[in-house]
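Data block below; observations after.
The values are calculated or read from the model by the stated rules, or taken from the named source; none is laboratory data. Because the structure is predicted, anything quoted here is derived from the model rather than measured. Note that we place each Cβ from the backbone using ideal geometry, even for glycine, and neighbour counts take in every protein chain shown.
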Amino acid sequence: MRTRLLIAAASLCIALDGQAETLFIHDATVHTASAPPVLQDVDIRVRDGRVEAIGPGLEAPADARVIDADGRPVTPGLFAGLTAHGLVEIGMVEHTVDGSLTAGSVPGPGMHPEFDVTPAYNPRSSVIPVTRIEGLTWSVLAAGQDESVIGGQGRAVRFDDGFDSFLGDPVLYVAVGAGAADKSGGSRAAQWMLLEQALAEAGSELDWTPAPLLTPAGRTALNGFREHGLVVFSADRASDILQVLAFAEKHGLNVAISGAAEGWLVADRLAEAGVPVLLNPLQNLPGNFDQLGARLDNAALLHAAGVTIAFTGAGTHHARKLRQAAGNAVAHGLPWPVALAALTANPARIFGLEEGAGTLQPGSPADLVIWSGDPLDVSSAADQVVIGGRMIPMVSRQTLLRDRYLEQSPPRPRAYIKP
């Protein structure tokens, strides 16, 4: 038993170090997250990490590993949301948490848009296999500061065990509303005052002593987001969302809204501005006064108004639950293909990934999942995950512990077993 566990653990560590395979997936129901949305009874040919062809009756290459999907659903790899994958192991163990700055920990001005979490990313984190064997193949690293409305920078990352697997555009995080009140003198009005000064400092060569908000590196970093990258504003209240739209237009920023519990109230304005929303489809009860208008059909109403939506909010250690939350959005009026797009193609476009990412079509990256059933149904599971054309072992620290301690053929139901 111990030998088997050591071998499994070793395979987990080296799972994705090999070259991309030639794969042939036979008889799949492909949900493309593109057009057409569904292809029935088709084959998928994967070569050199890309989808080479999709269609009925394809010929399997002689060197291909053949997988019989037997009609099961195949989707693009799913988005895990805004998380701290590779930046945290155990939240209660301080030295394993790298996603945020502690208040007062860095000398000098309080705002640090130059704080970038990507150098701290650990692709061998035990949290990542737990997430990816559930069909989630990438995330966007989030950054935060205890002392500032500007949290710092992150970026999209692919869960392929690579040390430099970052994707798309840089992302800057800004918090406004109730969640940032303690970082702005207790007033949300002061948040906009501070942000206006920060943008003024970033665009000026004047000496802002004796009380600058930014370091020289911070000025350079913040000013760069006027030309390139995405600024994600965390905001729930409808009035705060409108302030974000006005601020973005004034300063020429490319923005997205995270949270948007009351987004449905200003859905037309969001659609007109072309601003996407990242939301938790399970948000229906107010956690504070900014969320009084929260409702379960928020995603459906935003989509109906023409807003591009993506899903987030399950957290780092429970990111696998995000697909089930998407199923709840379907139950409250969101079309099923749109819910899938909110976990695949939409976030790929929002965060500036390459053309075709988040879809299954010829030429797209071969990040895909074969499911036992409906991927948005709680009773379904990922049978096989492919990242970059490589089949990953469906093994994590959790499965190893399960196999070690949980009896495989118990005489009584599992509820009565004490491992």
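Observations on the model:
- Elements of type strands (runs of 3 or more DSSP E) contained in region 27-142, each with 1 or more residues being modelled with pLDDT of 95 or more and farther than 26 Å from Gly162 by Cβ: 38-47, 50-55, 65-68, 73-76
- Residue in region 334-347 that is under 30 Å from Met92 (Cβ atoms) and either buried (at least 23 other Cβ atoms within 10 Å of the Cβ) or touching a Cys at 6+ places or on another chain (Cβ under 6 Å) (or both) present: yes
- Subset of region 152-180 that is of a type in the set (A, V, I, L, M, F, W, C), surrounded by fewer than 21 Cβ atoms within 10 Å (Cβ to Cβ) and out of contact with any Asp or Glu (no Cβ under 9 Å at 6 or more places or on another chain) - its residue that is nearest to Val244 (Cα to Cα): Phe166
- Scope region 143-162; condition on the phi < 0 side of the Ramachandran plot, of a type outside the set (Ser, Thr, Tyr) and part of a loop (DSSP other than H, G, I, E, B); matching residues: Ala143, Asp146, Glu147, Val149, Phe159, Asp160, Gly162
- Residue within region 367-382 that is buried (at least 24 other Cβ atoms within 10 Å of the Cβ), among the charged types (D, E, K, R) and touching a residue at least 40 places away in the same chain (Cβ under 8 Å) present: yes
- Within region 217-230, the set of residues being in contact with a Gly (Cβ under 7 Å, 6 or more places away or on another chain) and in a loop (DSSP other than H, G, I, E, B) comprises Arg226 only.
- A residue that is assigned by TED's automatic domain parsing to the domain that holds Glu262 and more than 17 Å from the chain's Cα centre (by Cα) occurs somewhere in region 131-145.
- Note on region 182-230: residues that are among the polar types (S, T, N, Q) and loosely packed, with under 12 Cβ neighbours inside 10 Å amount to 3.
Yes/no per residue for (1) surrounded by fewer than 24 Cβ atoms within 10 Å (Cβ to Cβ); (2) farther than 28 Å from Ser187 by Cβ; (3) of a type in the set (Phe, Trp, Tyr):
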| site | (1), (2), (3) |
| --- | --- |
| Gly287 | yes, no, no |
| Gln291 | yes, no, no |
| Ala294 | yes, no, no |
| Ala304 | yes, yes, no |
| Ala310 | no, yes, no |
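- Scanning region 88-115 for residues that are free of Cβ contacts under 8 Å to residues at least 40 places away in the same chain, more than 28 Å from Thr399 (Cα to Cα) and of a type outside the set (A, V, I, L, M) returns Ser105, Pro107, Phe115.
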